[in-house]
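A short write-up of the structure that comes next.
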Amino acid sequence: AIQDAIDNKVDIVELDIARTKDGVYVLCHDSSIKRTTTYTGSLKVSDMTYAEICKYPLLQYTGGSRDVYRDENGNTLVMPTFEDALKLCHGKIMINLDKFTSQWSHRMELYELVRKHDCLDLVMFKGGYDAGKILGWHKEIKAKYGTDAKMPNFATMNSNRDAAPWIKEIKAHH
């Protein structure tokens, strides 16, 4: 899907990620892989290792099909990692990393992964932030990487009535 978006000159793709038990970020909207793979159990992504997840091929999810997804050579496909997506997107398309606040406790790990792949200009961290959290994250980044460190792009999902004080607080610190 990401390659199709790139081929069709789309500007941005939205990705949801989940962290496995062994710390691998996979592209997954749900807390479980049950809907998108052949897995039929009840474990969450966070309770499985990436190797365990890879035992279950992806399902085609077009037109209600529950057939196993295969590439052009007939090989079954497994759940891709966020790192795979960063490599594919680099220099080609932006990423809207949706629901980032659910990964807030792993923010520095994700920042480092995005930074490692030189994608800080391409990734927008999206979620329900308050200004204090964002400013605190900026301090963490500067403490680790120096005052000239590249700050992450972010998008908030605050309502219009809540936005004015939030924007004022962010602007006061820039």
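The values are calculated or read from the model by the stated rules, or taken from the named source; none is laboratory data. Quantities reported herein were computed from a predicted structural model and do not represent experimental measurements. So basically every Cβ, Gly included, is an ideal-geometry build from the backbone, and we count neighbours across all protein chains shown. Quick note on the areas: whole protein, heavy atoms, side chains included, nothing else; ligands and nucleic acids left out. Shrake-Rupley method; radii C 1.70, N 1.55, O 1.52, S 1.80 Å.
A few points about this structure:
- Some residue of region 69-83 being over 14 Å from the mean Cα position of the chain (by Cα) and under 27 Å from Lys126 (Cα atoms): yes
Listed here are the residues, each with its yes/no results for (1) touching a strand residue (DSSP E or B) at 6+ places or on another chain (Cβ under 8 Å); (2) open to solvent by 80 Å² or more (accessible area, probe 1.4 Å); (3) under 26 Å from Val10 (Cα atoms).
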residue: Thr40; (1), (2), (3): no, yes, no
residue: Asp67; (1), (2), (3): yes, yes, no
residue: Glu72; (1), (2), (3): no, yes, yes
residue: Phe82; (1), (2), (3): yes, no, yes
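- Residue check for Gly136: open to solvent by less than 70 Å² (accessible area, probe 1.4 Å), free of Cβ contacts under 8 Å to residues at least 24 places away in the same chain and farther than 23 Å from His29 by Cβ: yes
- Of all residues in region 116-147 being outside any loop (DSSP other than H, G, I, E, B), under 19 Å from Ile17 (Cβ atoms) and out of contact with any strand residue (DSSP E or B) (no Cβ under 8 Å at 6 or more places or on another chain), the one that is modelled with the highest pLDDT: Lys116
- The listed residue being surrounded by 15 or more Cβ atoms within 10 Å (Cβ to Cβ) and over 11 Å from the mean Cα position of the chain (by Cα), out of Cys28, Cys119: Cys119
- For Glu83, the test of being under 17 Å from Phe154 (Cβ atoms), outside any loop (DSSP other than H, G, I, E, B) and not hydrophobic (A, V, I, L, M, F, W, C) is failed.
- Test: residue in region 87-108 that is surrounded by fewer than 18 Cβ atoms within 10 Å (Cβ to Cβ), assigned to a loop (DSSP other than H, G, I, E, B) and touching a Leu at 6+ places or on another chain (Cβ under 6 Å): no
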